[in-house]
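The next block holds one structure in the form of structure tokens; read it before the comments.
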Amino acid sequence: MSLNLVIAQCLLLMLGLLGLATSEPSMVPDHAVKILLALLATFALSRLRPKAFMSMGTLVWVVTLILLVLVLLIGAGSGTKRWLLLPGFQFQPSEFAKIGLILQLASFFSRRGVQHKLLSASIMIGLSTVLVLLEPDLGSTVLMFSLGLILMYAAGVRFTNITGLVAAVVLLALPFVSLYLERHPYIKDRLPGQASSDLAQLGMTQIEKAHRDLGFGGFWGQGPDGYRFDYFAAHTDMIIASVGFSTGLLGVTMVIFAYWLVVSAALQVAEMASRVRPMNPQVHGASILATGAMFMVVGQAFVNLAVAAGIFPVTGVPLPLVSYGFSSMLTMSVAFALIHSALREVRRYQPQEGPAGAEPRPQEAEEMQGAIPAVAAD
């Protein structure tokens with residue numbers, strides 16, 4: 001396992017626990033148990049090779065599509081349908097749908113290449129994205145669509161083709177924007193930077209209250225037992241304010257540093273994969289898995305932090321591994337496992353320098369016989 005990834009995951013989970021102790025102390029025991037389960041899931045799944053993940057890609061993706069349809073039919077939520085309720089348990093299928101899309105596209109591109117496969121991949125991305133959009137969950141919709149584009153780029157699809165796809169989607173969506181906003185007016189209400197007017201207390205919006213807590217935290221923080229005002233989503237979407245209040249600028253910096261370690265690990269996978277010649281399905285798929293998992297974690301973190309900073313409107317997107325919520329924590333832990341697995345896989349295929357130049361490792365020679373040509377651009 002990658003030490004940097006282990007450090008990043010433990011840092012985020014620890015800081016999330018501190019943030020929860022600041023905002024909702026009664027939830028700490030439950031959250032601590034879920035942290036142990038998340039770490040166990042990462043350790044167990046990281047032992048699998050990427051080809052094992054990709055062999056399950058189509059099945060997992062189809063199951064997540066079925067779950068998203070069930071959400072529309074029997075889902076629960078306040079004004080929106082985002083959750084499926086089971087006896088003593090609830091989960092958010094849109095979180096698991098991101099993992100399903102990563103596995104499916106990694107499997108698809110590693111087996112089929114990218115030549116003339118743009119339409120098929122676009123349909124896969126479109127199905128997952130539209131089902132999330134109908135819940136409605138606009139924040140997750142944007143992340144889902146962006147994740148699909150990143151997976152395409154990681155697979156080798158030309159940037160010009162991806163740009164053309166985005167332009168086509170925008171043009172097709174324009175006639176429906178006004179209708180969508182009319183049916184879901186809460187989206188327009190969030191644009192000024194607060195979820196709804198009844199959440200304002202002391203004349204301050206949700207974002208302003210988060211900024212107040214960040215300011216009170218100073219450099220070292222006030223500790224989890226410092227006096228503060230309660231406000232909406234302090235333990236979920238706005239938990240970075242609770243972390244900042246408790247641990248100060250130092251804690252917020254550690255959060256950002258942990259996400260950078262995730263980016264660094266995924267870039268290492270891509271760099272090592274580029275040195276494998278000829279490219280083969282295992283390495284190609286591992287690189288796609290790592291890039292998609294990295295964006296799933298860091299892209300969502302960027303959106304959450306931008307909301308807390310007041311740059312983006314409130315979206316309801318949790319901060320990966322920091323916010324309270326087991327659905328998000330579990331899927332992000334799976335994403336970490338994918339990067340661990342991909343990093344170990346590309347290391348297996350690293351060339352050995354010899355008198356005749358770079359050669360495959362002897363133990364991998366048989367597997368290299370199934371190598372595919374260098375990935376062709378779409």
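Determine the order of D225, D137 by accessible area, beginning with the largest, at a probe radius of 1.4 Å.
If we order D225, D137 from most to least accessible, we get D225, D137.
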* Cα-based Rg of the stretch 94-145 normalised by 2.2 N^0.38 Å, two decimals -> 1.17
* Asked: Where the accessible area of the chain is counted over protein heavy atoms with a 1.4 Å probe, how much of it, in %, is carbon and sulfur?
  -> 69
* What number, in percent, do you get for the relative contact order of the chain if the mean sequence gap of Cα pairs under 8 Å and at least 6 apart is divided by its residue count? -> 28
* To do: Would you mind working out the magnitude of the charge dipole of the stretch 1-154 relative to its Cα centre, with +1 at each Lys and Arg C-beta and -1 at each Asp and Glu C-beta, to the nearest 20 Debye?
  => 660
* **Pairs of lysines in the stretch 25-127 (C-alpha under 25 Å apart; 8 or more residues apart or interchain)** => 6
* Structure fact -> Square roots of five times the C-alpha gyration tensor eigenvalues of the stretch 12-118, ordered largest first and given in whole Å, equal 31, 21, 12
* Taking the simple approach of a point 7 Å from Cα along Cα-to-Cβ for both L86 and I123, what is their distance in nm? -> 3.1
* Largest-first principal axis extents of the Cα set of the chain (Å) -> 72, 49, 40
* Taking amide H positions as placed in the peptide plane 1.01 Å from N, state which residues far from F91 in sequence (5 or more) or on other chains have amide H under 5 Å from it. => L84, L86
* 10 Å Cβ shell holding at most 16 others, DSSP loop, chymotrypsin sites (Phe, Trp or Tyr not before Pro): longest site-free stretch of the chain -> 1-218
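The values are calculated or read from the model by the stated rules, or taken from the named source; none is laboratory data. Being a predicted model, the structure only gives us computed values, none of them experimental. Neighbour counts run over all protein chains shown; Cβ positions are idealised from the backbone, glycine included. To get the accessible areas, we keep the full protein, side chains included, count just its heavy atoms, and leave off ligands, DNA and RNA. Shrake-Rupley method; radii C 1.70, N 1.55, O 1.52, S 1.80 Å.
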